[in-house]
Structures are given as C-alpha cells and as structure tokens.
Ligand code: SF4
C-alpha cells in the first residue's frame with residue numbers, strides 16, 4: 001500500500017493523532033513514513049476515513 005498526501009491538506013493533525021508512526025506534521029507539510037505503512041495499515045485506513053478534506057490518497 002502506498003500513501004500520498006494531496007495538496008489540499010490543511011495540516012489539521014488528525015492523521016498524526018491516529019497514526020503517529022506513519023504521519024508526521026511539519027510547518028508546511030505532512031510527511032508519510034513509507035517504511036511504517038505495512039505494519040500500521042489498519043490505522044492508516046482510519047486516518048484516510050478521518051481526514052476532513054480527503055487529502056490522504058491510498059494506492060493498493
Ligand atoms: S488528516 Fe488530512 S488534512 Fe489533516 S493533516 Fe492529515 S492529511 Fe492533512
């Protein structure tokens with residue numbers, strides 16, 4: 001599974017609260033720790049469903 005953060009991300013922090021190991025929030029962007037995705041797929045999906053603007057794109 002690959003995850004990308006789209007440009008409409010508003011840096012609300014929800015994904016980092018749900019899946020802190022995978023998503024890191026910085027001043028201007030959210031970064032995905034790709035090597036952490038496989039072990040955390042369930043909470044990654046939770047983050048996708050929770051993102052208020054649909055900015056987390058998943059490619060399976
Ligand atoms: S939940 Fe969505 S809008 Fe919020 S920081 Fe994560 S990717 Fe961005």
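The values are calculated or read from the model by the stated rules, or taken from the named source; none is laboratory data. From a predicted model like this one, the values you see are computed outputs, not experimental measurements. Note: ideal-geometry Cβ built from the backbone for every residue, glycine included; neighbour counts use all protein chains shown.
Some observations on this one:
- Condition check for residue 53: in contact with a strand residue (DSSP E or B) (Cβ under 6 Å, 6 or more places away or on another chain) and either free of Cβ contacts under 8 Å to residues at least 12 places away in the same chain or loosely packed, with under 15 Cβ neighbours inside 10 Å (or both): no
- Just one of the listed residues (47, 39) is within 13 Å of the ligand (Cβ to nearest atom), at pLDDT 95 or above and either closer than 19 Å to residue 60 by Cβ or in a loop (DSSP other than H, G, I, E, B) (or both), namely 47.
- Qualifying residue in the range 4-13 (condition: at pLDDT 95 or above and assigned to a strand (DSSP E or B)): yes
- Checking each residue in the range 6-24 for being near the ligand (Cβ under 6 Å from one of its atoms) and touching a residue at least 40 places away in the same chain (Cβ under 8 Å) picks out 9, 10, 12, 15.
- Summed over the range 50-60, the residues that are at pLDDT below 95 and either assigned to a strand (DSSP E or B) or within 10 Å of the ligand (Cβ to nearest atom) (or both) give a count of 1.
- Scanning the range 24-35 for residues that are under 16 Å from residue 59 (Cβ atoms) and either at pLDDT below 95 or surrounded by 15 or more Cβ atoms within 10 Å (Cβ to Cβ) (or both) yields one hit, 32.
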